[in-house]
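Asks: One structure, pasted below without further comment.
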């Protein structure tokens, strides 16, 4: 086994024992990263930074008090601002932007001794479910079953592809409507979206601020626990960051869920859902039951309205957040012709810099916030959001510990296959994940099996707010029972 | 609610995104499709439900009203497409 194929947990133990150095581990990942260009996962490579950080990690490991993430090579989603390193959010409008500051998440990771290999591909401003809206072109799923290239999902598609192909040990992702969990499910890895407020958003390019949350994308549930520990915690620079102690997530992985109650929401049994997804879900339910959990049917009656509510609220917030890209302070400015004033500068800059999906969402957001429509669309969607959150609160009040659902309505689809589809069709990818963002809850995707073509499928577990430890423990039980060990055959 | 070309033009203007006249009908069609999808929300009885303002019940944190940062004009301007004499430069705004 090459070092880049290790889990965080295994690498941590080997580094501490002195069986492996951070420099050797980093070199192994840098080699895999360069050999993985066909996946288009890494879009800005930072080998010099990585080796400097690895040398510092080795010095710290030699001192004997290194934290768990010390010397662990990571990929960082392009949405995170990293000082002096291009941070474009997958958009041409931020071409050339090199932040003068470091996001709180990457600051924490670097303080813990983690190593940054480079920045990872993503949908433009995290708006997409297939990585095809990226200004870098799409990242490619390492999984394939014929000569077609498949999407790794989105928006954290580069993160998912890089972890699944062992180009790095783990990667950061962000999740506004499913952007960690859907790509994790499409590539056979683990991805957790923490409770809203658990991880600081400071220095992460904003999409929809009331929904955005960063989280880890890893090879195992244990790695997710270790990684999340290093990312999480209160940050005075993010006013929505929760001032709560962060428990020891890895210690929560007892493997014992006897006596807990798992809810199965009937509204997630969608019309036209493929048999394979239904069968996978039934298998997951059986696994949790075998592990000693009580299975209860529950109802989350407003589930159907989550997607339309999301596609009002997220574009509304995006239209406001993305107003800052005006060609004045950073990024792209259009070439102006004689007589162009400041309005022409804004309009040309934004037409050139934003791709079609981002433009569409900004305009939808502008419309639903405009005078005369604010109540009919935006306020109504926020009322429905309150009802969606209440559905979950009522379920948890009745003693539900975790909710088990499918992660995605299908396995990975082909790149370009949705090109002629209606935008709304692409939005349906988020149908099982978006409720969790609207309610601010933690959710995790766990790989459970392969479909009949041989592509990974995942299930999602949804937890109580701030109970990521308990959620990770349930996910750990599911992971162990499913025993998913398949890897993509290397073709890249 | 169907979006016509005039409305699409107005929305593009409000969003400060230049859309060529020839592209407006297609844009109007796409926006109509998306807004049609949102119409489902009208089926929900929201009587007496307050619009959600904060997903986690928390009081917004406050800090002392004092200067905490500053004196970094060079770094603030470092990424500007056009910066002159310590300022962001834009086309003439006032005649």
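Asks: Between the stretch A:241-263 and the stretch A:138-200, what is the separation of their alpha carbon centroids in Å?
Replies: 23 Å
Asks: Can you give the mean number of other chain Cβ atoms that lie within 10 Å of the Cβ atoms in peptide B:57-66? Working shown, then result.
Replies: Values: counts 2, 6, 0, 2, 8, 1, 2, 0, 0, 0.
Neighbouring Cβ atoms belonging to other protein chains average 2 per residue here.
Asks: Compute the FRET efficiency between residue A:256 and residue A:485 as 1/(1 + (r/R0)^6), taking r as their Cβ-Cβ distance and R0 = 25 Å, and round to the nearest 0.05. Please list the in-between numbers first.
Replies: Numbers: r = 23 Å, r/R0 = 0.90.
It comes out at approximately 0.65.
Asks: How many angstrom lie between the Cα centre of the stretch B:52-80 and the Cα centre of the stretch A:449-492?
Replies: That distance is 38 Å.
Asks: Further question: If you count the DSSP beta bridges with both ends in the protein assembly as shown, what percent of them are antiparallel, to the nearest 5?
Replies: Values: 31 of 45 bridges.
Of those bridges, close to 70 percent are antiparallel.
Asks: In nm, what is the difference between 0.36 nm times the number of residues separating residue A:2 and residue A:320 and their Cα-Cα distance?
Replies: 109.9 nm
Asks: Counting each pair of different Cα atoms once, what's the Kirkwood radius of the stretch A:393-455 in Å, rounded to one decimal?
Replies: Averaging 1/r across every pair of different Cα atoms and inverting gives 14.3 Å.
Asks: Gaussian network model of chain B, Cα springs within a sub-10 Å range: biggest mean-square fluctuation belongs to which of B:43, B:85, B:21?
Replies: Residue with maximal mean-square fluctuation among B:43, B:85, B:21: B:85.
Asks: What does the convex hull of the Cα atoms come to per residue for chain B, in Å³?
Replies: With only Cα atoms used, chain B gives 271 Å³ per residue.
Asks: On alpha-carbon atoms, Rg over Rh for the protein assembly as shown using Kirkwood Rh? Walk me through the intermediate numbers first.
Replies: Values: Rg = 23.2 Å, Rh = 24.2 Å.
Using only Cα positions, Rg/Rh for the protein assembly as shown is 0.96.
Asks: With a ≥ b ≥ c taken as the square roots of the eigenvalues of the C-alpha gyration tensor of the stretch A:306-459, please select rounded if a/c is under 1.5 and otherwise prolate if a/b is larger than b/c or oblate if it is not? Please list the in-between numbers first.
Replies: Details: a/c = 2.80, a/b = 1.57, b/c = 1.78.
Verdict is oblate for the stretch A:306-459.
Asks: Which number do you get for Rg(Cα) / (2.2 N^0.38 Å) in the stretch A:233-374?
Replies: 1.66
Asks: Separate question: Mean separation of Cα pairs under 8 Å and 6+ residues apart, divided by the residue count of chain A: what relative contact order is that in percent?
Replies: 18 percent
Asks: Can you figure out the FRET efficiency of residue A:419 with residue A:56, using R₀ = 45 Å and their beta-carbon distance, to the nearest 0.05?
Replies: 0.50
Asks: If you average 1/r over all unlike Cα pairs in the stretch A:145-257 and invert the result, what Kirkwood radius do you get in angstrom?
Replies: 14.6 Å
Asks: Further question on the same structure: Over all residues in A:75-86, what is the mean tally of Cβ atoms on other chains that come within 10 Å of each residue's Cβ? If you can, show how the numbers build up before the last one.
Replies: Numbers: counts 0, 0, 0, 0, 0, 0, 0, 0, 0, 0, 0, 0.
The per-residue average across the peptide is 0.
Asks: Using all alpha carbons of the stretch A:100-142, what is the percent of pairwise distances in each 5 Å bin, ordered from the shortest bin to the longest?
Replies: Going out from 0 Å in 5 Å bins, the stretch A:100-142 shows 6, 20, 19, 15, 17, 18, 5 percent.
Asks: Here is a follow-up. Rounded to the nearest 500, what is the 222 nm mean residue ellipticity of chain A from helices alone, with -39500 (n - 2.57) per DSSP H run of 4+ residues and division by all residues? Don't jump to the answer; show the numbers that get you there.
Replies: Values: 15 runs with 177 residues, N = 492.
It comes out at -11000 deg cm²/dmol, rounded to the nearest 500.
Asks: Need one number: nm distance between label points at residue A:453 and residue B:85, each 7 Å from Cα along Cα→Cβ, rounded to one decimal.
Replies: Inter-label distance under the simple model: 6.2 nm.
Asks: In peptide A:361-371, how many Cβ atoms from other protein chains are near each Cβ within 10 Å, on average?
Replies: Working: counts 1, 6, 12, 8, 2, 8, 11, 3, 1, 5, 1.
So the per-residue partner count for this stretch is 5.
Asks: Where is the GNM fluctuation largest for chain B (alpha-carbon springs, 10 angstrom cutoff): B:70, B:36, B:48?
Replies: Maximum among the listed residues: B:70.
Asks: Related question: Which residues does the label zone of residue A:100 cover in the stretch B:61-76, counting backbone N under 18 Å from a point 7 Å along Cα→Cβ?
Replies: Residues B:67-76 fall inside that zone.
Asks: Normalising by the residue count of the stretch A:244-329, find the relative contact order in percent from Cα pairs under 8 Å and 6+ residues apart.
Replies: Working: 48 pairs, mean separation 31.2, N = 86.
The normalised contact order for the stretch A:244-329 reaches 36 percent.
Asks: How much space per residue, in cubic angstrom, does the convex hull of the C-alpha atoms of the stretch A:1-44 take up?
Replies: Given the Cα convex hull of the stretch A:1-44, per-residue volume reads 80 Å³.
Any read-out appearing in this document is the output of simple, stated calculations on the displayed coordinates, not a laboratory observation. Note that this is a predicted model, so its numbers are computed, not measured. Note that each Cβ is placed from the backbone with ideal geometry, even for glycine, and that neighbours are counted across all protein chains shown.
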